[in-house]
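Data block below; observations after.
The values are calculated or read from the model by the stated rules, or taken from the named source; none is laboratory data. Nothing here was measured: the structure is a model prediction, and the numbers come from that model. All Cβ positions, even for glycine, are placed from backbone atoms using ideal geometry, and neighbour counts span all protein chains on display.
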Amino acid sequence: MTEPSPTTPTEPNEFEELKRYHGSRAALYAVLAGVFCYPEEETVAELTDPEANESMCEAADRLGCGDAGDDLAAALTAADLDAETFADGYDALFGLPGDDGEYPVVPYEADYTVRDDLSAKQRRIATVSGLLDAFDLERADDYHERRDHVAIELELMQVLAARRAVAEADPDGDDARTLELAEATVLSEHLADFLPGLAHDLGAAVEGEAVPEPAAEVYVAAADLATELIERDRASHPDPPETEAANGGGTA
């Protein structure tokens, strides 16, 4: 079902293949992070660009996620998808509470992994914050989402994969191993525990909420691709370093 990542290379062409592999991973995580951000016009223009989607399909095919990548590309390049429709879909799913005060889909990891345990939730968010700080990643001043938002965690994987594509070219350094273990932590202790539940809730919500069909197709396809990518990526990574944070423990 899954294919392992390339092993440590010894020949120049192997380095190039490894760079392409991790570059493809970074490209897919970038698209997925963009989909789950609020759809500003500039972001939508980038996501719906035909050439960008062709590149995304090539990356997905290289990683064994070709069908899911094709589905997302088709949804993003649909003629009836525009920024307003995209935004209406985002608001219906993530941005506006229903009559019961609950949001149809909650895009925050800790709401899935530790539910209503406030102290565990705070510690869980702190572990994501620690990873972001460790790699000098700061939120933009106008981005006010919690640090365990799905888009932030996907963007963290994008940055780690992109840096790893560069680090793998230096066989004498240890940065690639550090990045690999950081990826393993994000995958095993965060996204893998979170994304399948979000994908399930999202699939149910598009059936019951007033979500424009073009936007619904994008979000369902993105959740499917993210779930498959994370499953494949996790299978090719080592076990992460043991931490108490996996179960909401540890210190903030």
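When the residues of segment 188-217 are filtered to those that are in contact with a Gly (Cβ under 7 Å, 6 or more places away or on another chain) and aliphatic (A, V, I, L, M), the one that is nearest to THR48 (Cα to Cα) is ALA215.
Candidates in segment 148-186 are the residues that are buried (at least 17 other Cβ atoms within 10 Å of the Cβ) and polar (S, T, N, Q); of these, the one that is modelled with the lowest pLDDT is THR185. Restricting segment 200-244 to residues that are among the hydrophobic types (A, V, I, L, M, F, W, C) and surrounded by fewer than 18 Cβ atoms within 10 Å (Cβ to Cβ), the residue that is nearest to GLY64 (Cα to Cα) is ALA235.
The set of residues from segment 148-187 being small (Gly, Ala, Ser), in a helix (DSSP H, G or I) and touching a helix residue (DSSP H, G or I) at 6+ places or on another chain (Cβ under 6 Å) comprises ALA151, ALA161, ALA162, ALA165, ALA167, ALA176, ALA182. Once segment 14-30 is narrowed to residues that are of a type in the set (A, V, I, L, M, F, W, C) and more than 21 Å from ILE152 (Cβ to Cβ), the residue that is modelled with the lowest pLDDT is PHE15.
When restricted to residues that are within 29 Å of TYR112 (Cα to Cα) and either aliphatic (A, V, I, L, M) or free of Cβ contacts under 8 Å to residues at least 24 places away in the same chain (or both), segment 150-169 contains 10. Pairs meeting the criteria (first residue in segment 31-53 and within 20 Å of MET157 (Cβ to Cβ), second residue of a type in the set (A, V, I, L, M) and surrounded by fewer than 19 Cβ atoms within 10 Å (Cβ to Cβ), beta carbons under 6 Å, at least 6 apart or on different chains) are ALA33/ALA151; PHE36/ALA151; CYS37/ALA151.
When restricted to residues that are part of a loop (DSSP other than H, G, I, E, B), over 11 Å from VAL218 (Cα atoms) and over 18 Å from the mean Cα position of the chain (by Cα), segment 59-96 contains 4. Summed over segment 22-55, residues that are assigned to a helix (DSSP H, G or I) and either hydroxyl-bearing (Ser, Thr, Tyr) or farther than 16 Å from THR227 by Cα (or both) total 18. Of GLU54, GLU40, all but one fail to be more than 24 Å from ALA235 (Cα to Cα) and modelled with pLDDT of 95 or more; the exception is GLU54.
Scanning segment 63-98 for residues that are within 30 Å of TYR21 (Cα to Cα) and surrounded by fewer than 18 Cβ atoms within 10 Å (Cβ to Cβ) gives GLY64, GLY66, ASP67, ASP70, ALA74, THR77, ALA78. Checking each residue in segment 187-214 for being of a type in the set (D, E, K, R) and at pLDDT 90 or above picks out ASP201, GLU213. Among the residues here, ARG62 qualifies as within 27 Å of ALA235 (Cβ to Cβ) and among the basic types (Lys, Arg).
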